[in-house]
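The values are calculated or read from the model by the stated rules, or taken from the named source; none is laboratory data. What you are looking at is a predicted structure, and each value in this text was computed from that prediction instead of being measured. No Cβ is skipped: glycine too gets one built from the backbone with ideal geometry, and neighbour counts run over all protein chains shown.
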Amino acid sequence: MPEPRPGIDVPDHRGRTGLDRTGRDLQRNPDVRVTDVEVLAAAWHVLRRTTLEYRDPSGRWETQQRETYDRGNGATVLLYDPERRTVLLTRQFRYPVYVNDHPDGMLIETAAGLLDDDDPATAIRREAAEETGVEVGELEHVWDVYMSPGSVTERLHFFAARYDGSTRTGDRGGLQEEGEHIELLEIGIDEALAMVRDGRIQDAKTIMLLQWAVLDGPFAAGP
């Protein structure tokens, strides 16, 4: 008799079972039939290999395999002070970019985090408070985006919110018990855009929100 498999037959360290069932019941696209799901790794997040049948434009069914990395969905927020024309960003060490040619791995970003079991608005209020110390008031929903659809399942919920830079104190954020050592950067919007142009800001979600801010958001020119 085979050994019970954590995350599949018995709970893993996060209490999960049935990780090999994800996608098997999908029926929204009549040209796609999922036939098998294999869990390749399930530490904190889940790597799966899915076998599917895809009906091509000629009507012929072909077998394909896709690996997907499931880390859950997330949210991010651009904190901006319209009077002072500033944005509040974070800088922290990100090993994945460090190992992929970033000079020092210290990435400049908007506040962000995974939803876990919260709705997007609740999650980003929590993350903004933890990372920046800002208690977010009214949130503006910007859009929801799949950031790396070739392999990562994550959908990121984008928000914007005002903050009062004149009352802000401190230049550090993050939860040390979670290994977060975050530097806070208050930057003028024009300087932030210059940092995008010269490569000092290389994070996709941050670039998207900064460009939204000057095209359609709080720093957009009037008609």
Legend entry - Residue match in region 162-178 (condition: aliphatic (A, V, I, L, M) and at pLDDT below 95): yes
Legend entry - Asp118 being free of Cβ contacts under 8 Å to residues at least 12 places away in the same chain and touching a helix residue (DSSP H, G or I) at 6+ places or on another chain (Cβ under 9 Å): yes
Legend entry - Boolean, Ala194 is at pLDDT 95 or above, over 19 Å from Glu83 (Cβ atoms) and within 19 Å of the chain's Cα centre (by Cα): no
Inset, instruction - Count, please, the residues in region 7-16 that happen to be surrounded by 12 or more Cβ atoms within 10 Å (Cβ to Cβ) and within 23 Å of Val152 (Cβ to Cβ). - result: 5
Inset, instruction - Tally the residues that are part of a strand (DSSP E or B), of a type in the set (A, V, I, L, M) and without any contact (Cβ under 8 Å) to a residue 40 or more places away in the chain, restricting the search to region 30-84. - result: 10
Legend entry - Test result for Gly23, surrounded by 10 or more Cβ atoms within 10 Å (Cβ to Cβ), in the same structural domain as Arg5 (by TED's automatic domain parsing) and either farther than 20 Å from Ser151 by Cβ or modelled with pLDDT of 95 or more (or both): yes
Inset, instruction - Can you tell me which residue within region 86-115, out of those that are within 16 Å of the chain's Cα centre (by Cα) and not in a strand (DSSP E or B), is farthest from Leu193 (Cα to Cα)? - result: Leu115
